[in-house]
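K.L.:
Before I ask anything, let me first share the structure, which is written out below as structure tokens.
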Amino acid sequence: MTELLIRPDDLPTWLPGTPTVRSPEQGWNGVTVRGYRYGGSDVEVPPLRDHVVVAYRRGTTPMRPVIDGTWTADTVGPGDVSLLTRAVASHWVWPGDIEVVHVYLTVDEVATTCQEMYDRDVADVALRDEVRVDDPAIHRTAMLIAREAACGGAGSGLLVDALACQLAVHILRAQERTVRDFVEENLHERISLDDLAAVVRLSRCRFARRFRRSTGTSPHEFVVDRRVLRAKTLLVRTASRCRTSRSGAGSPTRAT
């Protein structure tokens, strides 16, 4: 039995809100935009057909989603974005009023961009859901697409094509940073393969395989390399401070 994947126009059935903007009826290639105002909600959303960027426009609220069976929590407000991967069911709870823009990118749009960026299939990239991403480039691009939906003119389709490609690039870069940022923040701790796999919610075997395809090295080698680089940086800084200290100690004292 084929799993139900809901389209952008199906979402209000599960998550009703006041519409604020929508892409033209004739549609654009690979991208759809919808804007809504929502009151506080507690809703379950079936798996989505497309990858989705949720750009927060107005209102600040705590956000507690359950994505793929895991509860997370954060506070979102204007300038923030959430990243949702396709084909994953979710449950969203928030108390405050918000206004958002949803930008939907089809799997073909993201896959084409991924192939051009990395010369590999998007299935080899560990995309994950993010409740709150502080990425001004993603938010700005989503807002530009929404503005084009609201008041676009001649050449609108060409402009949105370029913006959609730009947005897919930003998303893939943001996803790629997830593991790298985790490693940098935890270099002083013991980092296991299970820890890294948990960051992107993959099994250890699947994560290790994807990581090698993505970086050309194993997770263990990557962590060791980062630790060696960190140690070299600290040694250079220590040596520099020692030289400065010796230089200061040897300077003659000026009489007053």
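The values are calculated or read from the model by the stated rules, or taken from the named source; none is laboratory data. It should be emphasised that the depicted structure is a prediction, and the values quoted were computed from it without experimental measurement. We place every Cβ from the backbone using ideal geometry, glycine too, and count neighbours over all the protein chains shown.
K.L.:
Scan region 193-211 and give yes if some residue there is of a type in the set (Lys, Arg), in the same structural domain as residue 69 (by TED's automatic domain parsing) and within 21 Å of residue 134 (Cβ to Cβ), otherwise no.
P.N.:
no
For every residue, the table says whether it meets (1) modelled with pLDDT under 90; (2) of a type in the set (Phe, Trp, Tyr); (3) surrounded by fewer than 20 Cβ atoms within 10 Å (Cβ to Cβ).
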| position | (1), (2), (3) |
| --- | --- |
| 38 | no, yes, yes |
| 60 | no, no, yes |
| 114 | yes, no, no |
| 134 | yes, no, yes |
| 137 | no, no, yes |
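K.L.:
Which strands (runs of 3 or more DSSP E) sit wholly inside region 32-115 and have at least 3 residues that are of a type in the set (A, V, I, L, M) and more than 24 Å from residue 147 (Cα to Cα)?
P.N.:
61-67
K.L.:
Have a look at 165, 151 and point out the one that is closer than 16 Å to residue 30 by Cβ and out of contact with any strand residue (DSSP E or B) (no Cβ under 9 Å at 6 or more places or on another chain).
P.N.:
Selected residue: 165, the only one of 165, 151 that is closer than 16 Å to residue 30 by Cβ and out of contact with any strand residue (DSSP E or B) (no Cβ under 9 Å at 6 or more places or on another chain).
K.L.:
Here is a further query. Any residue in region 38-55 that is assigned by TED's automatic domain parsing to the domain that holds residue 70 and on the phi > 0 side of the Ramachandran plot sitting within a Cβ distance under 7 Å of a residue that is part of a loop (DSSP other than H, G, I, E, B) and at pLDDT 95 or above? List the pairs, counting only those 6 or more apart or interchain.
P.N.:
The qualifying pairs do not exist here.
K.L.:
Considering only helices (runs of 4 or more DSSP H) fully contained in region 176-256, which possess at least 3 residues that are modelled with pLDDT under 75?
P.N.:
The qualifying helices (runs of 4 or more DSSP H) are 204-215, 219-249.
K.L.:
So which pairs qualify, if the first residue must be in region 72-92 and among the acidic types (Asp, Glu), the second must be part of a strand (DSSP E or B) and surrounded by 14 or more Cβ atoms within 10 Å (Cβ to Cβ), the Cβ gap must be under 6 Å, and the two must be at least 6 apart or on different chains?
P.N.:
Within 6 Å, the pairs are 74/63; 74/131; 74/132; 80/56; 80/132.
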